[in-house]
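First the structure, in the form of structure tokens, and then the observations on it.
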Amino acid sequence: MFFKYLRKPTPTDLLTSGEAFQYFEYGMSVLGWMAPPKYQFVYSMMAFFLISWCVYYLPIGIIISFVIDIKNYNPSELLTVLQLFFNSVGTPLKILILRVHLWRFREAKNLLIQMDNRCTAIVERLEVHKWVVNCNKAYLIYICMYIGYTLSTFLSAAFSGVLPWRIYVPFIDFRHSATSFWMAATHETLLMLFSVSQTLLTDIYPVLYGLMLRVHIRLLRMRVEKLCTDPDKSENENMEDLISSIKDHKLIHECAQMIHPVIARTILVQFLLIGLPLGFSMINLFYFADLWTGLATVAYINGLMMQTFPFCFLCDLIKSDCELLQIAIFHSNWLNTSRRYKTSLIFFLFNSQKYVIFTAGSVFPISTSTNVKMAKLAFSVFTLVSQFNIADRLTTNKNKIQ
């Protein structure tokens, strides 16, 4: 069943960390990223045409339409095209980065599966199951939001009698007849459905890894808090538990380092592009959009924020969890232990001060504050339009042309 990865836990049937990416992998298979064992040549050809159409043709089609049809744009249509264009330019870059580093996705997934081996207690396995389900839910929520934006824009265009995104379609003049209009609108909608689904893959994977890394850091902290608390364990057994915790901590950092290069590059691209589309969306929403266009623009703004904010917030939580782990190590029951145990604990405490931190392009840390600073560009664009009365001038010029 498709929804078996959302099932409630039972002691004999629990999900593992690798299954947190189940729906993500389904999406990669459908969109041409993961070839099946059979018919790989046919799959590769279809994947090539699909990705060329919905990823690389999209910005080209917008540019062509912009050049040959700009005189017929009203201000709202112009801003809708601009907000889509800047985001569509970043999508091919993000997809290229992720495809090149796809092996890191597999290696990091294997490291998460290794971390599961330390989850021997039923409470720990239940916690892993809970967050695996949450990861799969997150994927479904994302895809509903992205598809919701596409369908809402299509419906707003249908009620307004204009094309949703004005993407150039060869051999079809949408002004020629009603049939031509609906053919062009249908093509645009299908193109955008596949395009936003491709974008979804580059936006959701950092969130999935962030959630699973966080749960394993928390489980490690729970194990650290239990060190030397069982009176039936010998000194050697306590020492083995400490060494296992040190190995678990090392494994967490290995997983983070494995996936960090691809996250750093894709998030950097998104940070650089978020300001202008968000600014154009706000101008469109406050000055030009009617009811239906406004609803579609709000859905687009939500999608833009979902591209960066959840993972930035997760990075803050992961840093907080690392701090709590460090405190747990210091406050563990080590006072009456041997010198060898204390020496190993000091080593563990020292290494725990190296937090799991993700950076955008190895330039600046990924955090909520960084996301807010990048989004401020949108308010700068909005303020510029307000100060120079650009919105009124666009409306006046359009009325003169008409």
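The values are calculated or read from the model by the stated rules, or taken from the named source; none is laboratory data. Owing to the predicted nature of the structure, the values given are computational and were not obtained by experimental measurement. Here Cβ is always computed from backbone atoms with ideal geometry, including for glycine, and neighbour counts include all displayed protein chains. Side chains included, ligands, DNA and RNA excluded: accessible areas come from the protein's heavy atoms. Shrake-Rupley method; radii C 1.70, N 1.55, O 1.52, S 1.80 Å.
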Item to check | Exclusive hit being surrounded by fewer than 19 Cβ atoms within 10 Å (Cβ to Cβ) and in contact with a Leu (Cβ under 9 Å, 6 or more places away or on another chain), set 113, 95, 141, 147 | outcome: 147
Checklist entry - Restricting the search to the stretch 332-354, which residues are in contact with a helix residue (DSSP H, G or I) (Cβ under 8 Å, 6 or more places away or on another chain), in a loop (DSSP other than H, G, I, E, B) and surrounded by fewer than 16 Cβ atoms within 10 Å (Cβ to Cβ)? => result 338, 353, 354
Checklist entry - Can we say residue 10 is crowded, with 16+ Cβ neighbours inside 10 Å, farther than 14 Å from residue 168 by Cα and not aromatic (Phe, Trp, Tyr)? => result no
Checklist entry - Would you say residue 85 is farther than 30 Å from residue 293 by Cα, in contact (Cβ under 8 Å) with a residue 24 or more places away in the chain and either touching a helix residue (DSSP H, G or I) at 6+ places or on another chain (Cβ under 8 Å) or open to solvent by less than 20 Å² (accessible area, probe 1.4 Å) (or both)? => result no
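Determine whether residue 31 is over 24 Å from residue 172 (Cα atoms), in contact with a His (Cβ under 7 Å, 6 or more places away or on another chain) and either open to solvent by 50 Å² or more (accessible area, probe 1.4 Å) or in contact (Cβ under 8 Å) with a residue 12 or more places away in the chain (or both).
Values: over 24 Å from residue 172 (Cα atoms): yes; in contact with a His (Cβ under 7 Å, 6 or more places away or on another chain): no; either open to solvent by 50 Å² or more (accessible area, probe 1.4 Å) or in contact (Cβ under 8 Å) with a residue 12 or more places away in the chain (or both): yes.
No: the conditions fail for residue 31.
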Checklist outcome for this item: Per the list (1) modelled with pLDDT of 85 or more; (2) in contact with a Ser or Thr (Cβ under 9 Å, 6 or more places away or on another chain), residue check on residue 173 breaks on (1)
Item to check | Top-ranked residue in the stretch 174-192 [being touching a helix residue (DSSP H, G or I) at 6+ places or on another chain (Cβ under 6 Å) and over 13 Å from residue 55 (Cβ atoms); ranked as least open to solvent (accessible area, probe 1.4 Å)] | outcome: 189
Checklist entry - Which one is nearest to residue 57 (Cα to Cα), of the residues in the stretch 90-143 that are of a type in the set (Lys, Arg) and touching a residue at least 12 places away in the same chain (Cβ under 8 Å)? => result 94
Item to check | residue 278 free of Cβ contacts under 8 Å to residues at least 60 places away in the same chain, buried (at least 20 other Cβ atoms within 10 Å of the Cβ), farther than 30 Å from residue 329 by Cα and not polar (S, T, N, Q) | outcome: no
Item to check | Among (1) over 18 Å from residue 295 (Cβ atoms); (2) touching a residue at least 40 places away in the same chain (Cβ under 8 Å); (3) surrounded by fewer than 16 Cβ atoms within 10 Å (Cβ to Cβ); (4) of a type outside the set (Phe, Trp, Tyr), the one test that residue 155 misses | outcome: (1)
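If I go through the stretch 206-253 residue by residue, how many of them are among the acidic types (Asp, Glu), under 18 Å from residue 322 (Cα atoms) and assigned to a loop (DSSP other than H, G, I, E, B)? It would help to see each step written out before you state the result.
If we filter the stretch 206-253 for residues that are among the acidic types (Asp, Glu), which is where we start, we get 225, 230, 232, 235, 237, 240-241, 248.
Filter once more, so that each one left must be under 18 Å from residue 322 (Cα atoms): 225, 248.
When the remaining residues are screened for being assigned to a loop (DSSP other than H, G, I, E, B), the result is none.
Total satisfying the criteria: 0.
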Checklist entry - Somewhere in the stretch 171-182, is a residue without any contact (Cβ under 8 Å) to a residue 40 or more places away in the chain, of a type in the set (Ser, Thr, Tyr) and part of a helix (DSSP H, G or I)? => result yes
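Here is a yes/no grid of residues against (1) surrounded by fewer than 19 Cβ atoms within 10 Å (Cβ to Cβ); (2) of a type in the set (A, V, I, L, M):
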{"site": "60", "(1), (2)": "yes, yes"}
{"site": "67", "(1), (2)": "yes, yes"}
{"site": "74", "(1), (2)": "yes, no"}
{"site": "90", "(1), (2)": "no, no"}
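Within the stretch 120-132, count every residue that is open to solvent by less than 50 Å² (accessible area, probe 1.4 Å) and within 27 Å of the chain's Cα centre (by Cα). Walk me through how you get there before you give the answer.
Going through the stretch 120-132, the residues open to solvent by less than 50 Å² (accessible area, probe 1.4 Å) turn out to be 121, 124, 127-129, 131-132.
Remaining after also requiring within 27 Å of the chain's Cα centre (by Cα): 124, 127-129, 131-132.
Number of matching residues: 6.
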Item to check | Lone unmet requirement of (1) of a type in the set (A, V, I, L, M, F, W, C); (2) in contact (Cβ under 8 Å) with a residue 24 or more places away in the chain; (3) open to solvent by 10 Å² or more (accessible area, probe 1.4 Å) for residue 208 | outcome: (3)
Next on the checklist: Being more than 27 Å from the chain's Cα centre (by Cα), at pLDDT below 95, surrounded by 17 or more Cβ atoms within 10 Å (Cβ to Cβ) and part of a helix (DSSP H, G or I): is that true of residue 284 here?
Outcome noted: no
Checklist entry - Which of the residues spanning the stretch 218-260 are within 19 Å of residue 105 (Cα to Cα) and of a type in the set (A, V, I, L, M, F, W, C)? => result 251, 252, 255, 256, 258, 259
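Regarding residue 262, is this residue within 18 Å of residue 315 (Cα to Cα) and open to solvent by less than 30 Å² (accessible area, probe 1.4 Å)?
Details: within 18 Å of residue 315 (Cα to Cα): yes; open to solvent by less than 30 Å² (accessible area, probe 1.4 Å): yes.
Here the answer is yes, as residue 262 does meet what is asked.
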